[in-house]
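Asker: I have a structure here, written as structure tokens, and I will follow up with some questions on it.
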Amino acid sequence: MTDVIFEKSIKGMSGVTLTDENLATDFIKPEFLRKNVPELPEMSELEVMRHFKELSDKNFCVESGFYPLGSCTMKYNPKVNEYLTSLEGFTSLHPLQEDEDCQGALELMYKLQEALKEITGMDAVTLLGSAGAHGELCGMMIVKHYFKTKNDTKRTKVIIPDSAHGTNPASAGMCGFEIIKVQSNNKGLVDVEHLKEIFESNKDEIAAIMMTNPNTLGLFEENILEISKLAHKNGALLYYDGANLNAVMGITNPKIMGFDIVHLNLHKTFAAPHGGGGPGAGPVGVVEKLKEYLPVPVIDFKDGKYFRNYNIVNTIGKIKEFQGNFSVLVKAYAYILMRGNTLKEASCDAVLNANYLKEKLKEYYELPYDYPCMHEFVLSGDRQKAAGVHTLEIAKRLMDSKFHPPTVYFPLIVSEAMMIEPTESENKARLDKFIDAMKTIAKEVKENPEVVLSSPHNTPVKRVDETNAARHLDLRYRKD
Ligand SMILES: *Cc1c(COP(=O)(O)O)cnc(C)c1O
């Protein structure tokens with residue numbers, strides 16, 4: 001490939017004009033100057049611009065097209081958020097500055113904590129988690145510490161639904177908990193009878209149950225109040241994986257549902273870029289009785305001053321350097337202020353968009369759980385598989401129409417799964433184009449499967465050896 005900038009270098013070309021005032025030798029001491037001329041590509045400014053534009057055009061992002069990656073909430077991230085994080089008052093701060101010298105930043109974090117308390121119904125919030133999974137780990141450490149300080153050593157098990165995101169069992173497992181899987185019933189919801197049996201046969205051994213609501217099938221766990229009562233009656237805590245909060249903001253909250261600990265994904269629900277655009281943030285909210293276990297520092301306010309509070313009685317300690325991923329916090333706070341009390345509308349539109357797609361697509365693809373969905377839904381490619389085309393191929397074929405594929409092969413309880421989450425950002429015209437593309441593929445599978453099997457045809461990279469690409473990732477450029 002001739003895509004590497006060094007290979008485009010032409011000797012003697014230059015993109016900058018150095019004047020006498022800015023020669024490095026004038027302001028860098030001789031002992032710090034390099035001995036050899038660096039091997040930099042020699043190019044005109046125009047060629048440099050073209051190079052990077054070409055590279056960026058190869059990328060796919062929400063700005064280039066529809067991105068219905070289920071469970072990831074790839075909504076539009078307003079550009080004003082980028083502008084706000086680049087304000088000098090934020091970018092020039094050093095995390096070790098005294099509290100008095102960064103009152104503005106502390107105020108922002110404090111007010112974000114307050115806003116998240118209101119949105120989740122929780123009594124205290126830490127902003128330190130740097131991703132959803134990190135928030136989960138923090139939450140499970142709080143569960144562990146809580147029972148330890150109560151001298152309750154028997155509670156060594158955590159219940160997790162079979163539809164859960166893989167990070168849930170991983171986080172609980174990392175805290176040393178044994179995982180017990182509770183199965184889903186034929187409606188795609190937690191099987192309450194099975195849950196009762198689990199509590200019955202593990203008396204006083206269950207530390208927590210981790211739930212996602214709506215769950216990863218995009219279905220609302222309608223028995224959640226019965227489940228939370230059951231858990232509390234058995235002395236267990238309830239953990240809410242809030243990665244799907246985009247479905248319920250301002251409509252209900254985890255407190256109303258009976259949860260004790262919640263993590264949120266600011267990089268999903270609150271419009272901070274993620275994936276290749278990271279970093280993320282996974283704040284954790286807790287009810288009153290768990291406040292004293294939060295990691296330090298918590299941002300507090302007293303006598304007219306904001307300060308970093310390290311004085312938390314039973315703290316689990318530090319989980320992240322300094323104050324977490326501050327720029328993500330700025331973006332989330334800006335988004336919350338910008339939407340104000342229209343946060344609820346975002347959720348309503350996300351749910352409406354998902355139901356619209358679901359109803360239009362269920363004629364062409366199997367819909368294993370045919371109920372009104374929340375912000376996403378899961379189709380099965382079983383019908384297409386019977387014709388010799390797997391979900392993976394459908395995903396690749398979608399790229400030819402400039403759509404990012406949905407999440408595939410997750411959740412694990414649906415075979416040939418395609419998990420579709422449109423978000424509230426899309427209009428009907430765009431959704432209709434996606435419906436057309438999915439319809440066309442369903443037709444191709446019947447009439448001309450070869451065109452699907454050999455896709456993608458229009459992307460910069462065609463078929464890759466997925467296993468090798470993942471196992472032997474090699475991104476280094478070798479000059480000859
Ligand atoms: C995305 C997601 C997570 C993990 O969040 P990360 O920020 O990727 O660590 C956990 N649970 C659910 C349901 C998710 O969708």
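Asker: How big is the dipole moment of region 339-446 about its Cα centre under a simple scheme where the beta carbon of each Lys and Arg is +1, that of each Asp and Glu is -1, and everything else is neutral? Debye, nearest 20, please. Walk me through the numbers before you get to the answer.
Answerer: Details: 16 positive and 17 negative charges, 52 e Å.
The dipole magnitude comes to about 240 debye.
Asker: Provide the net charge surrounding Ile119, with neighbours chosen by a C-beta distance below 12 Å and charges set as Lys +1, Arg +1, Asp -1, Glu -1.
Answerer: On the way: positive: Lys117, Lys255, Arg339, Lys344; negative: Glu114, Glu118.
Every neighbour counted, the sum reads +2.
Asker: Cα-based Rg of region 147-230 per 2.2 N^0.38 Å, rounded to two decimals?
Answerer: Working: Rg = 12.8 Å, N = 84, 2.2 N^0.38 = 11.8 Å.
In units of the 2.2 N^0.38 Å rule of thumb, it is 1.08.
Asker: If you restrict to DSSP beta bridges whose two residues both lie in the chain, what percentage is antiparallel, to the nearest 5? Walk me through the numbers on the way to the answer.
Answerer: Working: 20 of 37 bridges.
Looking only at bridges with both residues in the chain, the antiparallel portion is about 55 percent.
Asker: Compute, for region 57-199, the length of the dipole vector about the Cα centre, with Cβ point charges of +1 (Lys, Arg) and -1 (Asp, Glu) only. Units Debye, rounded to 20.
Answerer: Values: 14 positive and 19 negative charges, 173 e Å.
Computed about the Cα centre, the dipole is about 840 debye.
Asker: How many angstrom separate the Cα center of region 1-69 from the Cα center of region 463-480?
Answerer: Using only Cα atoms to place each centre, the spacing works out to 24 Å.
Asker: Run down the aspartates and glutamates and flag those whose C-alpha is under 13 Å from the C-alpha of Lys11, throwing out any fewer than 8 positions away in its chain.
Answerer: Glu39, Glu42
Asker: From the square roots a ≥ b ≥ c of the eigenvalues of the alpha-carbon gyration tensor of region 124-178, which class results: rounded (a/c under 1.5), prolate (a/b over b/c), or oblate? Mind showing how you got there, number by number?
Answerer: Details: a/c = 2.39, a/b = 1.15, b/c = 2.08.
Verdict is oblate for region 124-178.
Asker: Looking at region 227-346, send over the antiparallel percent of its DSSP beta bridges, to the nearest 5. Could you put the intermediate results ahead of the total?
Answerer: Values: 8 of 12 bridges.
Antiparallel bridges: around 65 percent, rounded to the nearest 5.
Asker: If you take the charge dipole of region 361-458 about its Cα centre, with +1 on Lys and Arg Cβ and -1 on Asp and Glu Cβ, which of Ile435, Pro449, Phe377 is farthest toward its positive end?
Answerer: Farthest towards the positive pole: Pro449.
Asker: Taking Cα atoms of the chain, Rg/Rh with Kirkwood Rh, to two decimals? Before the final figure, lay out each step's value.
Answerer: Numbers: Rg = 25.5 Å, Rh = 25.0 Å.
Here the Rg-to-Rh quotient is 1.02.
Asker: Taking amide H atoms as placed 1.01 Å from N in the peptide plane, list the residues 5 or more away in sequence, or in a different chain, whose amide H sits under 5 Å from that of Ser425.
Answerer: Excluding prolines and chain starts, which carry no amide H, the hits are Tyr76.
Asker: Charges at C-beta only: +1 for Lys and Arg, -1 for Asp and Glu. How large is the resulting dipole of the chain about its Cα centre, in Debye rounded to 20?
Answerer: Numbers: 56 positive and 66 negative charges, 122 e Å.
Dipole of the chain, to the nearest 20 debye: 580 debye.
Asker: Let me ask you something else. Could you pull out the pairs from Lys157/Lys196; Lys396/Lys439; Lys360/Lys443; Lys203/Lys289 whose alpha carbons sit more than 19 Å apart here? Write out the running numbers ahead of the final one.
Answerer: Numbers: Lys157/Lys196 15 Å; Lys396/Lys439 15 Å; Lys360/Lys443 15 Å; Lys203/Lys289 23 Å.
Where the Cα-Cα span goes over 19 Å, the pairs concerned are Lys203/Lys289.
Asker: Highest mean first, what order results for 394-400, 416-422 on Cβ atoms within 10 Å?
Answerer: On the way: 394-400: 21.7, 416-422: 25.3.
Final packing ranking: 416-422, 394-400.
Asker: Tell me, how many Å apart are the Cα centres for region 426-455 and for region 275-337?
Answerer: 44 Å
Asker: Considering Cα pairs under 8 angstrom that are at least six residues apart, work out the relative contact order of region 30-175 and quote it in whole percent.
Answerer: Across region 30-175, relative contact order equals 13 percent.
Asker: While we're here: Give Lys148/Lys318; Lys53/Lys358; Lys75/Lys111; Lys75/Lys233 a once-over and call out the pairs whose C-alpha atoms are over 29 Å from each other.
Answerer: Values: Lys148/Lys318 18 Å; Lys53/Lys358 36 Å; Lys75/Lys111 23 Å; Lys75/Lys233 39 Å.
Pairs exceeding the cut-off: Lys53/Lys358; Lys75/Lys233.
Asker: Indicate, rounded to the nearest 5 percent, the antiparallel portion of the DSSP beta bridges found entirely in region 155-235. Could the numbers behind the result be given before it?
Answerer: Working: 1 of 9 bridges.
That works out to approximately 10 percent antiparallel.
Asker: Here is a follow-up. Please compute the contact order of the chain in relative form: average sequence separation of alpha-carbon pairs under 8 Å and at least six residues apart, divided by the residue count, as a percent.
Answerer: Numbers: 845 pairs, mean separation 86.4, N = 480.
18 percent.
Asker: In angstroms, what radius of gyration and Dmax does region 337-480 have, counting Cα atoms only?
Answerer: Values for region 337-480 (Cα only, Rg and Dmax): 17.4, 58 Å.
Asker: Order 423-431, 32-40 from most to least packed using the mean count of other Cβ atoms within 10 Å.
Answerer: Details: 423-431: 16.1, 32-40: 6.9.
For the peptides 423-431, 32-40, the packing ranking is 423-431, 32-40.
Asker: Also, quick follow-up: Does region 203-304 come out rounded, prolate or oblate by the C-alpha gyration tensor, with a ≥ b ≥ c the root eigenvalues, rounded set by a/c under 1.5 and, if not, prolate when a/b is larger than b/c and oblate if not?
Answerer: Details: a/c = 1.92, a/b = 1.18, b/c = 1.63.
Cα axes put region 203-304 in the oblate bin.
Asker: Which of Cys348, Gly388, Ile336 sits closest to the plus end of the dipole of region 334-480, meaning its Cα is farthest towards the positive end, when Lys and Arg get +1 and Asp and Glu get -1 on the C-beta?
Answerer: Farthest towards the positive end: Ile336.
Since every read-out is calculated from the coordinates, none of them should be taken as a lab result. All values reported here derive from a predicted model rather than from experimental measurement. In this analysis, Cβ positions are derived from the backbone assuming ideal geometry, glycine residues included, and neighbour counts consider all displayed protein chains.
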